[in-house]
Amino acid sequence: MYREHRPDIAKRIRGLLGVFLCMAIYLLWFMLLERKVTNDYHIIHVGLDDYIPFCEYFIIPYLLWFVYVAGVWAYFWARDWDTFSRMSRYLFGGMFASLFICSIYPNGTDLRPVMDTDANVFTALCGMIWSADTPTNVLPSVHVFNSIGIHTAILRSARTRDNRLVTTLSLILCVSICLSTVFLKQHSCADVLAAGLLSYAMYGLVYEPEPAVPQRERFRRPLPGRSED
């Protein structure tokens, strides 16, 4: 039976402060890279990118990423401390790994098309994103990595993994966010693949495999409603 670990409020506050500290370090490092990597970087481009059309409507799941990550993080901080701790190690481990990769391998994309930002509200939002986020430091995609990490935490948590509605909606949102990065020309398909590989590596480091039940123990388990003498 699942028994929730409820740490005292002091430990929860320390955990929250740790998240804020790591986020501050990440943002500072990222902003330094954004200022440093402005030219002489490797262009990330694969043939599949040319077959994916630009679609401004994908700005909706792209922006929902911020709500998805922050909302799930806050929920687990309040309701499932073990998942919160593991998910935090998973996400920050991958985010810092991404910055390290971009520091030693400056990279960017040249995928963004000419766009009329006054065409509709969606293109206007795309223009806002493009003006705030340069097409550099893209491999691996943090948007994709964090989406996979959040969905993984939902599937691993005893509080949410058996809720079919929650897991299904999370999967739909996770996939939509990953697709949005290429349909908005924010990332190359190579960035998405790299994020998937990084997610796989972090899963092995953070999440321990479930202990296997010996074959003989499976047959010795009592049937529901009966007890062993």
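The values are calculated or read from the model by the stated rules, or taken from the named source; none is laboratory data. Note that the structure is a prediction, hence the values are computed from the model and not measured. With ideal geometry, Cβ positions are generated from the backbone for all residues, glycine too; neighbour counts draw on all protein chains shown.
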_Pick from the stretch 75-102, criterion closer than 16 Å to D191 by Cβ and of a type in the set (G, A, S), ranking: surrounded by the fewest Cβ atoms within 10 Å (Cβ to Cβ)_ = A97
*State all residues of the stretch 150-169 that are in a helix (DSSP H, G or I) and free of Cβ contacts under 8 Å to residues at least 24 places away in the same chain; if no residue qualifies, say none.*
H151, L155, R164, L165, V166, T167, T168, L169
*Hey, does the stretch 40-52 have a residue that's acidic (D, E), touching a residue at least 40 places away in the same chain (Cβ under 8 Å), part of a loop (DSSP other than H, G, I, E, B) and surrounded by fewer than 10 Cβ atoms within 10 Å (Cβ to Cβ)?*
yes
*Can you confirm whether the stretch 144-156 contains a residue that is of a type outside the set (F, W, Y), farther than 22 Å from F96 by Cβ, modelled with pLDDT of 95 or more and surrounded by fewer than 18 Cβ atoms within 10 Å (Cβ to Cβ)?*
yes
*Of F30, F100, which residue is in a helix (DSSP H, G or I), under 19 Å from L193 (Cα atoms), over 16 Å from the mean Cα position of the chain (by Cα) and not charged (D, E, K, R)?*
F100
